[in-house]
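Trainee: What follows is a structure written as structure tokens; I'll ask about it next.
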Amino acid sequence: MPAYTHFINEHGHLTKYAAVLDIDEYLLPKQNNSIPEVLEQFEPYGGLVVNWKLFGSNNHIQKPEGLTIENFTMGSTIENIANRHIKSIVQPSKTLKWGKDPHHAVYKTKYFAVNEYNQYVNGPFSDQSIDKIQCNHYITRSLEEYETKLKRGRA
């Protein structure tokens, strides 16, 4: 979290928006053609929180050829409680520091984060809402890839 805060304070002026995502997470706009089009709607806020949608192995044992988004299409249902996790897209000019975890930030006075329906969100969780944008989290991929991931340990 100190590294994310350092980025906000020292380099945030170089960009209008910044998202903290893991290498196995992809942002997917669902009603617009691009992420910038989605973000235009949330310009007054400090940040937009985006709920996870977890994806599994699709029963792949070995790493398949091709794109992740084409090979791993079986996602969890909206009822999966893990999908309450969010990732944040912040406006560095409106952000004070990063929070206690990689999921949310702390904003300057008068600013805060909202979900895709402009509802206030404070912390790493929000009721799942993935109608306009979602964060695909490819948590396992194939069994081969998952076993390799486990051997690396946690960040």
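Trainee: For ILE86, indicate whether it is in contact with a strand residue (DSSP E or B) (Cβ under 6 Å, 6 or more places away or on another chain) and either without any contact (Cβ under 8 Å) to a residue 60 or more places away in the chain or surrounded by fewer than 16 Cβ atoms within 10 Å (Cβ to Cβ) (or both).
Mentor: The answer is yes for ILE86.
Trainee: Among the residues of segment 139-155, write down those that are among the hydroxyl-bearing types (Ser, Thr, Tyr) and either modelled with pLDDT under 85 or closer than 21 Å to GLY75 by Cβ (or both).
Mentor: THR140, SER142, TYR146 - these are the residues of segment 139-155 that are among the hydroxyl-bearing types (Ser, Thr, Tyr) and either modelled with pLDDT under 85 or closer than 21 Å to GLY75 by Cβ (or both).
Trainee: Also: With respect to TYR111, determine if the residue is part of a loop (DSSP other than H, G, I, E, B), among the hydroxyl-bearing types (Ser, Thr, Tyr) and touching a residue at least 24 places away in the same chain (Cβ under 8 Å).
Mentor: It is true that TYR111 is part of a loop (DSSP other than H, G, I, E, B), among the hydroxyl-bearing types (Ser, Thr, Tyr) and touching a residue at least 24 places away in the same chain (Cβ under 8 Å).
Trainee: Just the residues that are assigned to a loop (DSSP other than H, G, I, E, B), more than 14 Å from GLN91 (Cβ to Cβ) and either at pLDDT 95 or above or open to solvent by 40 Å² or more (accessible area, probe 1.4 Å) (or both), please, taken from segment 8-51.
Mentor: LEU21, ASP22, ILE23, LYS30, GLN31, ASN32, ASN33, SER34
Trainee: Separate question: Please find, within segment 105-130, the residue that is least open to solvent (accessible area, probe 1.4 Å) out of those that are among the charged types (D, E, K, R) and modelled with pLDDT of 95 or more.
Mentor: The qualifying residue least open to solvent (accessible area, probe 1.4 Å) is GLU116.
Trainee: Given the conditions (1) over 20 Å from VAL20 (Cα atoms); (2) part of a loop (DSSP other than H, G, I, E, B), report the number of the one that HIS103 does not fulfil.
Mentor: Single failed check for HIS103: (1).
Trainee: Out of the residues in segment 57-75 meeting the condition of being under 17 Å from the mean Cα position of the chain (by Cα) and open to solvent by less than 40 Å² (accessible area, probe 1.4 Å), tell me which one is farthest from ALA18 (Cα to Cα).
Mentor: GLY75
Trainee: Quick check on my filter: what residues within segment 25-77 are touching a residue at least 60 places away in the same chain (Cβ under 8 Å), closer than 15 Å to LEU143 by Cα and not polar (S, T, N, Q)?
Mentor: Answer for segment 25-77, where residues must be touching a residue at least 60 places away in the same chain (Cβ under 8 Å), closer than 15 Å to LEU143 by Cα and not polar (S, T, N, Q): PHE55, GLY56, HIS60, ILE61, LYS63, PRO64, PHE72.
Trainee: Could you please find all residues in segment 89-104 being aliphatic (A, V, I, L, M) and open to solvent by 80 Å² or more (accessible area, probe 1.4 Å)?
Mentor: Of everything in segment 89-104, just one residue is aliphatic (A, V, I, L, M) and open to solvent by 80 Å² or more (accessible area, probe 1.4 Å), namely LEU96.
The values are calculated or read from the model by the stated rules, or taken from the named source; none is laboratory data. Fair warning: this is a prediction, and the values are worked out from it, not measured in the lab. So basically every Cβ, Gly included, is an ideal-geometry build from the backbone, and we count neighbours across all protein chains shown. Heads up: the accessible areas ignore ligands, DNA and RNA and are worked out on the full protein's heavy atoms, side chains in. Shrake-Rupley method; radii C 1.70, N 1.55, O 1.52, S 1.80 Å.
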